[in-house]
1. Which members of the range 15-47 meet the condition of being loosely packed, with under 11 Cβ neighbours inside 10 Å and at pLDDT below 80?
2. Taking only pairs six or more apart or across chains, which ones have beta-carbon atoms under 8 Å, a first residue in the range 23-45 that is aliphatic (A, V, I, L, M), and a second residue that is loosely packed, with under 13 Cβ neighbours inside 10 Å and modelled with pLDDT of 85 or more?
Amino acid sequence: MNPWSPLCNNWSAEANLAAAEATLADLEADMDLAFARAAVVRIPSDAARADADAAFAAAAG
């Protein structure tokens, strides 16, 4: 079926929305990971670094 056909526009829009939501979820996870990495690099004290390492490990899964 042609995705550009007027009969498929609803399916096409739903598929595009699902793809956009999945991409957004991936970006949010990447941002969480990036912020956790930045926190590990910037924190000077050992206790704070341990907390940041734990946050990074949680974000990384």
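1. Within the range 15-47, V41, R42, P44, S45, D46 meet the criteria.
2. Between residues of the range 23-45 that are aliphatic (A, V, I, L, M) and residues that are loosely packed, with under 13 Cβ neighbours inside 10 Å and modelled with pLDDT of 85 or more, the close pairs are A36/A58.
The values are calculated or read from the model by the stated rules, or taken from the named source; none is laboratory data. Everything numeric here is computed off the predicted structure, so don't read it as measured data. Reconstructed Cβ throughout: ideal geometry from the backbone, glycine too, with neighbour counts over all protein chains shown.
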